[in-house]
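Following this message is one structure expressed as structure tokens.
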Amino acid sequence: MSETVHVVCAACGAENRVPRTRLADRPRCGRCKTSLLPGTPVEIDTRTLERLVARDGLPLVVDFWAPWCGPCRTMAPMFEAAAQTLTPSVRLAKLNTQDHPDAAQALDIRSIPTMIAFRGGREVARTPGAMDARAIVAWAREALS
């Protein structure tokens, strides 16, 4: 029997067990049928971030951004391109710090954009500033190796 990975649905919060060998097959949530690993960054809120960090079996890279931030807007398509490369071995998400300042405060986000890599329920790396897609992928792979 193949190893399974717990994948938390960002849409409804359901925990799904997915065979590791099937992660690339675009699995869907058993409850709400939303794609669990869409290949694009998922917009999340504070509660969803906490759930993903605590219960998801995949590494997570979160882009903390705000709509008024020029470098954040410049990096957005680069982060999306990185998601296409890193999925399904890494999940990418975006958290709007303007709408969710409590998350930024709790994680001591001092500038945006800031990316934080989480693995096994804890922060393993962070980096401030905008990057291109290749640099994001390289940073994520290094941080999560």
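May I ask for the net charge around Pro41, where only other residues with Cβ less than 11 Å from the Cβ of Pro41 are counted and Lys, Arg are +1 while Asp, Glu are -1? Display every interim value, and only then the final one.
On the way: positive: Arg91, Lys94; negative: Glu43, Asp63, Glu80.
Local net charge: -1.
If you rank Glu15, Glu142 by how much accessible surface each has, with a 1.4 Å probe, what is the order from largest down?
On the way: Glu15 90, Glu142 135 Å².
The residues order as Glu142, Glu15, largest area first.
In square nanometres, what is the average projected area of the Cα convex hull of segment 33-107?
So the Cα hull casts an average projection of 5.2 nm².
Sorted by mean Cβ packing within 10 Å, highest first, what order do the peptides 115-123, 57-65 take?
Working: 115-123: 16.6, 57-65: 23.4.
Sorting 115-123, 57-65 by mean packing, highest first, produces 57-65, 115-123.
When the accessible area of the chain is split by element with a 1.4 Å probe, what percent falls to carbon and sulfur? List each step's numbers first, then the result.
Numbers: 3730 of 7580 Å².
Using a 1.4 Å probe with all protein chains present, the chain comes out at 49 percent carbon and sulfur.
Give me the 1.4 Å probe accessible area per residue for the chain, excluding ligands and nucleic acids, in Å².
Counting only protein heavy atoms, the per-residue value for the chain is 52 Å².
Can you order the peptides 34-41, 68-75 by their average number of other Cβ atoms within 10 Å per residue, highest first?
With the highest mean Cβ count within 10 Å placed first, the list reads 34-41, 68-75.
Taking R0 as 30 Å, what's the FRET efficiency between Ala14 and Arg122 from their Cβ-Cβ distance, rounded to 0.05?
Numbers: r = 23 Å, r/R0 = 0.76.
That gives a FRET efficiency of 0.85.
Can you give the % of DSSP beta bridges in the chain that are antiparallel, to the nearest 5? Present the calculation step by step, with values, prior to reporting the outcome.
Working: 17 of 26 bridges.
So the antiparallel bridges amount to about 65 percent of the total.
Then there's this: How much of the calculated P(r) for the chain lies past 21 Å, in percent of all Cα pairs?
Numbers: 3973 of 10440 pairs.
Within the chain, distances greater than 21 Å cover 38 percent of Cα pairs.
Let me ask something else. Using the Kyte-Doolittle scale, which helices in the chain average at least -1.0 and also have C-alpha atoms spread 15 Å or more along the helix axis, with helices defined as whole DSSP H runs?
Values: long enough: 70-86 (24 Å, 0.21); 133-144 (16 Å, 0.67).
Result, helices passing both filters: 70-86, 133-144.
Give the percent of DSSP beta bridges with both residues in segment 56-134 that are antiparallel, rounded to the nearest 5. Walk me through the numbers before you get to the answer.
On the way: 11 of 17 bridges.
Antiparallel: roughly 65 percent of the beta bridges in segment 56-134.
The values are calculated or read from the model by the stated rules, or taken from the named source; none is laboratory data. Since the structure is predicted, the reported quantities are computational estimates derived from the model, not experimental observations. Here Cβ is always computed from backbone atoms with ideal geometry, including for glycine, and neighbour counts include all displayed protein chains. Calculation scope for accessible area: heavy atoms of the full protein, side chains included, ligands and nucleic acids excluded. Shrake-Rupley method; radii C 1.70, N 1.55, O 1.52, S 1.80 Å.
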